[in-house]
Amino acid sequence: MTTFVHCRGCGVQIHETAPTCPKCGAPQHLAGASGAAVTGALTSPPSDYAKTQWYRRRWFLIVSLMTIAPVAALIALTGPMYYDAKGVVKTFPKNFRTSIVIMSVYYLYTLTTPVGSSQQMLLFLMTLVASLVMGFKR
């Protein structure tokens, strides 16, 4: 059975024996004190979804994105976000994290606009679509 791990540099899934990432070129093995290669899982998700921090799970990210978007951006900026796909713990891609940060900046901008403005409606639609995509991601 082929086993895949996440790249230390960009997070893309690669074969566990790959010395470097084919996408970003980041080295995947650290040299140990004895000279043997030590394979650490710096960016690989936990083996069990229940072992992930509650604030890095999908449900919390969707709730925080719909209520207080800067909280979701802070989580996205500080580490990976996890979801459970048919019993396998996976991380959201980097483009999801980037879109959450962009929406949060736009959220902060719309706080200065009048209530009911078109900017606020656009923000609501953007967060609704992003939350739906995150919710149905497999």
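The values are calculated or read from the model by the stated rules, or taken from the named source; none is laboratory data. As the structure is a computational prediction, the values presented were derived from the model and not from experiment. Cβ placement follows ideal geometry from the backbone for every residue including glycine, while neighbour counts extend to all protein chains displayed.
For segment 69-89, enumerate the residues that are surrounded by 16 or more Cβ atoms within 10 Å (Cβ to Cβ) and charged (D, E, K, R).
The answer is Asp84, and nothing else.
Out of curiosity, is Thr98 of a type outside the set (A, V, I, L, M), modelled with pLDDT of 85 or more and surrounded by fewer than 18 Cβ atoms within 10 Å (Cβ to Cβ)?
The answer is yes for Thr98.
Got a number for residues in segment 50-62 being in a helix (DSSP H, G or I), surrounded by 14 or more Cβ atoms within 10 Å (Cβ to Cβ) and not basic (Lys, Arg)? Spell out the reasoning first.
Here is the first cut: in segment 50-62, the residues in a helix (DSSP H, G or I) are 50-51, 54-56, 58-62.
Remaining after also requiring surrounded by 14 or more Cβ atoms within 10 Å (Cβ to Cβ): 55-56, 58, 60-62.
Retained after the next criterion (residues that are not basic (Lys, Arg)): 55, 60-62.
Residues that pass the stated criteria total 4.
Restricting attention to segment 110-136, which residues are without any contact (Cβ under 8 Å) to a residue 60 or more places away in the chain and either closer than 18 Å to His6 by Cα or in contact with a helix residue (DSSP H, G or I) (Cβ under 7 Å, 6 or more places away or on another chain) (or both)?
Thr110, Thr113, Gln119, Gln120, Leu123, Met126
The conditions are (1) outside any helix (DSSP H, G or I); (2) at pLDDT 80 or above; (3) not assigned by TED's automatic domain parsing to the domain that holds Arg8, and Lys23 fails exactly one of them. Which is it?
Only one criterion is unmet by Lys23, namely (3).
Working only within segment 75-100, note down all residues that are over 19 Å from Leu125 (Cα atoms), outside any loop (DSSP other than H, G, I, E, B) and touching a helix residue (DSSP H, G or I) at 6+ places or on another chain (Cβ under 8 Å).
Within segment 75-100, Ile75, Ala76, Leu77, Tyr82, Tyr83, Asp84, Val89 meet the criteria.
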